[in-house]
Each structure stands twice: as C-alpha cells, then as structure tokens.
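See below for the structure under consideration.
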Amino acid sequence: DAAAMVSGSVAVLQQVYADSNNNALPTASLIKAILFNTADEVNSVGIDYKTGFGLLNAYQAVKALQQKEYDGSSLQQGQQWTRNINVPANAAQIKVTLSWTDSSSSLNNSKAIVNDLDLELIRIGDGTIFKPWVLSTAAHIDSLVKLPIRKRDSLNTAEQISVSLPNAGAYQIKVFGTSITTTSQ
C-alpha cells in the first residue's frame, strides 16, 4: 500500500509544480526533498532504519510546493550556497533537507556516491552548528535500533537537519560542494 500512496502523491506533486512552472516537471531530487522534509516523524527525532524520514504527509508536501518553500540552486566543486532564515518565537521545529540526484558510481567502487554535498544549519546568535542526522553504518544488528547522531554525511544523497523547539532568531543554512566531479549538482 505504501508504494501506491507514494507514487500517487508524487504524481500530484508533479502536477502541482507543473501548474505554476509553465508545465515543466520538477527534478526528482526536489520531489524527494519535499517528501522527506514534510514527512511526519514517527518513532524518534530524525531518521531511523524502521521508518526512514517518517510518515508521508502529502498535504504538507503540496503546501510546501505551492508556497515555494524550496530552492533549486546548483553547486560546483568548492562552491558554497547560503540562505539566512528567521525562526519565529514558539516554533515547534525547524527542518531543512538537502537532496541531489547523483551520477552512477564506477564498478567495484568502495563508495556508492560520486558527488558529495554537505549541509549545515548555524544559529547566528551564538554560532551553534547543527549537522545532519546520520544513522550507524556498523555491520551489527544493534545498528538497526541505534538513534541517529549529528555529523557530516558522506554516504547519502539526502541529508536532513531538524531542531525541535528552536531558539527564535536568525539562522543560516549552508550547503558545501565538498566533492563534485560532474559539472554541477
């Protein structure tokens, strides 16, 4: 049932995007980021092996597209993208998701991704840096139930930072083109 729900939701999101963008279709990475960012957390804060980024919330995904709560910029090797945002008082959560569609890795490569982008969220008032949630990759059954930790992610093509009950004020989102071997991402 989940595959049918997600497939149908993606079709709706593509139509919503096309309706306000001269019938152009959105990139797969944009749809992925919107779905991940608007998902409702189920088991724990951040991602987990059981529910991934959470439970699909198609209504919030459509709203995010309609309100253009995204940016489709691209980066080249060594470049940095930044965006300042203001978090209002009494916000329940701030959630930022980065996603990109990667190139195919070469055969027998020890690393599956080719291009590596990195995401950070900085609370400007005190300089606190929030890194993405990352799951344990240890080859042990206990890894499946470990909570995610915050650190640099060099394994996945989607990264997410969430902060529950964030302090009100100015924040800066940063994306780094850490290792980009194709033209741009």
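The values are calculated or read from the model by the stated rules, or taken from the named source; none is laboratory data. It should be emphasised that the depicted structure is a prediction, and the values quoted were computed from it without experimental measurement. Using ideal geometry, Cβ is built from the backbone for each residue, glycine included, and neighbour counts are taken over all protein chains shown. For the accessible areas, the whole protein counts, side chains as well, though only heavy atoms, and no ligand, DNA or RNA atoms are used. Shrake-Rupley method; radii C 1.70, N 1.55, O 1.52, S 1.80 Å.
The set of residues in the stretch 79-97 that are open to solvent by 60 Å² or more (accessible area, probe 1.4 Å) and in a loop (DSSP other than H, G, I, E, B) comprises 79, 88, 89, 90, 92. Take the conditions (1) out of contact with any helix residue (DSSP H, G or I) (no Cβ under 8 Å at 6 or more places or on another chain); (2) hydroxyl-bearing (Ser, Thr, Tyr); (3) open to solvent by less than 60 Å² (accessible area, probe 1.4 Å); (4) in a helix (DSSP H, G or I); residue 17 misses just one of them, which is (1). Number of residues in the stretch 14-31 that are closer than 18 Å to residue 156 by Cα and without any contact (Cβ under 8 Å) to a residue 24 or more places away in the chain equals 1.
Kindly indicate which of 167, 156 is over 17 Å from the mean Cα position of the chain (by Cα), surrounded by 13 or more Cβ atoms within 10 Å (Cβ to Cβ), under 23 Å from residue 94 (Cα atoms) and touching a residue at least 40 places away in the same chain (Cβ under 8 Å).
Numbers: 156 fails: over 17 Å from the mean Cα position of the chain (by Cα).
167 is the lone residue from the list that is over 17 Å from the mean Cα position of the chain (by Cα), surrounded by 13 or more Cβ atoms within 10 Å (Cβ to Cβ), under 23 Å from residue 94 (Cα atoms) and touching a residue at least 40 places away in the same chain (Cβ under 8 Å).
Among the candidates 113, 141, the residue that is of a type outside the set (Ser, Thr, Tyr) and modelled with pLDDT under 85 is uniquely 113. Count, please, the residues in the stretch 154-174 that happen to be β-branched (Val, Ile, Thr), outside any loop (DSSP other than H, G, I, E, B) and either within 18 Å of residue 52 (Cβ to Cβ) or at pLDDT below 95 (or both). Residues that pass the stated criteria total 1.
Taken over the stretch 103-153, the criterion of being assigned to a loop (DSSP other than H, G, I, E, B), open to solvent by less than 40 Å² (accessible area, probe 1.4 Å) and of a type in the set (Asp, Glu) is satisfied by 153 alone.
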